[in-house]
């Protein structure tokens, strides 16, 4: 999915110059290290929120205006924060 996100952000970066990516990472250091390495090559800035820091995830939702979501739980949470979102429903 990371390559799909990178491609999407590449397409959006010119029309949304203030675009910043925030990724909530599973509480696993190997996963976090892998994702950190991948996003360094992305066309937009990215912030990783370590797993286990739910309040940081909710803070990110509260200041966001839209979201690109693939996980059902995040889709439900985005509704709580009234975020416009692009959803990949194939994961259901």
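Each reported figure results from applying straightforward, stated rules to the coordinates on display, with no laboratory input. If you're wondering where the values come from, they're calculated on a predicted model, not measured in any experiment. Positions of Cβ are backbone-derived with ideal geometry, glycine not excepted, and every protein chain shown enters the neighbour counts.
Sorting 14, 59 on the 10 Å Cβ count, fewest up front, what's the list? Each step should come with its number before you reach the end.
Details: 14 9, 59 13.
If I rank by nearby Cβ atoms, fewest first, I get 14, 59.
Taking 0.36 nm per residue of separation and subtracting the current Cα-Cα distance, fully stretching the chain between residue 13 and residue 41 would add 8.7 nm. The length gained by stretching the chain between residue 20 and residue 56 to full extension, at 0.36 nm per residue less their Cα-Cα distance, is 11.4 nm.
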